[in-house]
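Report on the structure given below.
The values are calculated or read from the model by the stated rules, or taken from the named source; none is laboratory data. Note that this is a predicted model, so its numbers are computed, not measured. Every residue, glycine as well, gets a Cβ built from its backbone with ideal geometry; the counts of neighbours run over all protein chains shown.
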Amino acid sequence: MGVIGQSKGAPAEDVVVFSIVNLSVCSECRAELSKGDFLRMEKEKPLCLDCADLGHLVYLPRGDTALTRRSRKYSALSAVVVRFSRSRRRYERQGVLVEPAALERAEQECLSDEERRRAARARAALLRERVDTQYVAEFTERIRSMYPACPADEAEAIAKHACEKYSGRVGRSAAAKRFDDDAIELAVKAHVRHAHTEYDRLLGRGWDRADARSAVAATVARVMERWRGV
């Protein structure tokens with residue numbers, strides 16, 4: 001159905017994510033998924049977006065064809081969100097998941113200056129509501145202590161993403177709240193994989209998730225060693 005389960009070299013199809021209508025549980029992290037949450041099926045197993053390596057994408061509801069088209073054009077990795085309609089007895093498209101930078105670029109092309117500023121303010125307000133400022137600051141400091149060469153803006157971005165309220169991400173786990181080294185490392189490694197390698201592009205081309213991770217593992221290790229000051 002989607003691209004992540006395909007072998008390397010197979011023609012790329014849309015990555016499909018389900019907006020679920022029934023309760024489910026992620027087969028990897030065991031996070032509970034409620035009605036309306038997003039779920040990715042991989043090898044017949046349900047995965048939350050973070051475990052499917054799609055958690056860094058943002059949701060763009062359907063309705064603006066030009067914005068959707070441009071967002072997907074600029075996004076190395078994207079996914080189609082569908083939901084089952086009991087009345088029509090079929091899956092119907094709800095929107096797409098795209099990279100934040102791709103959505104921002106698409107908005108700049110589609111919106112006037114005033115509309116763009118209004119959209120940016122709305123997104124910023126939503127983010128402020130969902131982020132625990134003090135916790136993020138402490139998480140950021142812990143990242144900087146473990147990875148002193150990590151750029152300050154990236155450390156903060158890692159913390160904000162990992163600690164987003166109600167997300168079930170690693171930063172909201174009990175271990176992360178104790179600032180456990182392993183939890184911090186997981187958050188940093190995920191960021192490096194998405195931001196400093198070709199990982200997303202490989203997934204977008206149809207690579208299996210395990211194969212794509214293996215292909216970028218050396219690059220991830222080098223970046224993390226450099227950030228540690230090794």
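Out of everything in segment 216-230 that is touching a Lys or Arg at 6+ places or on another chain (Cβ under 8 Å) and touching a residue at least 24 places away in the same chain (Cβ under 8 Å), what residue ends up being nearest to Asp53 (Cα to Cα)? It would help to see each step written out before you state the result.
Within segment 216-230, the subset touching a Lys or Arg at 6+ places or on another chain (Cβ under 8 Å) is 216, 220, 224.
Now narrow it down to the ones that are touching a residue at least 24 places away in the same chain (Cβ under 8 Å): 220, 224.
Numbers: Val220: 15, Met224: 19 Å.
Only one residue tops the list, namely Val220.
For segment 136-149, which residues satisfy the criterion of being of a type outside the set (S, T, N, Q), at pLDDT 85 or above and not in a loop (DSSP other than H, G, I, E, B)? Talk me through it step by step, then tell me what you get.
First pass over segment 136-149, keeping only residues of a type outside the set (S, T, N, Q): 136-139, 141-144, 146-149.
Subsequent filtering for residues that are at pLDDT 85 or above retains 137-139, 141-144, 146-149.
Of everything in segment 136-149, those that are of a type outside the set (S, T, N, Q), at pLDDT 85 or above and not in a loop (DSSP other than H, G, I, E, B) turn out to be Ala137, Glu138, Phe139, Glu141, Arg142, Ile143, Arg144, Met146.
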For segment 176-230, what are the residues that are assigned to a helix (DSSP H, G or I) and of a type in the set (Phe, Trp, Tyr)? Tyr199, Trp227
Look at segment 45-94 and say how many of its residues are touching a strand residue (DSSP E or B) at 6+ places or on another chain (Cβ under 7 Å), part of a loop (DSSP other than H, G, I, E, B) and not basic (Lys, Arg). 7
Between residues in segment 17-44 that are under 23 Å from Asp208 (Cβ atoms) and part of a loop (DSSP other than H, G, I, E, B) and residues that are among the polar types (S, T, N, Q) and modelled with pLDDT under 90, which pairs lie under 8 Å by C-beta distance while being six or more apart or on different chains? none
Leu33: passes all of (1) more than 22 Å from Arg205 (Cβ to Cβ); (2) under 11 Å from the mean Cα position of the chain (by Cα); (3) buried (at least 18 other Cβ atoms within 10 Å of the Cβ) but (2)
In segment 202-230, how many residues are of a type in the set (A, V, I, L, M, F, W, C) and closer than 15 Å to Cys150 by Cα? 6
Quick one: count up the residues across segment 150-192 that are at pLDDT 90 or above and aromatic (Phe, Trp, Tyr). 0
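Of all residues in segment 195-206, which are touching a Gly at 6+ places or on another chain (Cβ under 9 Å) and crowded, with 19+ Cβ neighbours inside 10 Å?
Applying the first criterion (touching a Gly at 6+ places or on another chain (Cβ under 9 Å)) to segment 195-206 yields 205-206.
Correct list: Gly206 only.
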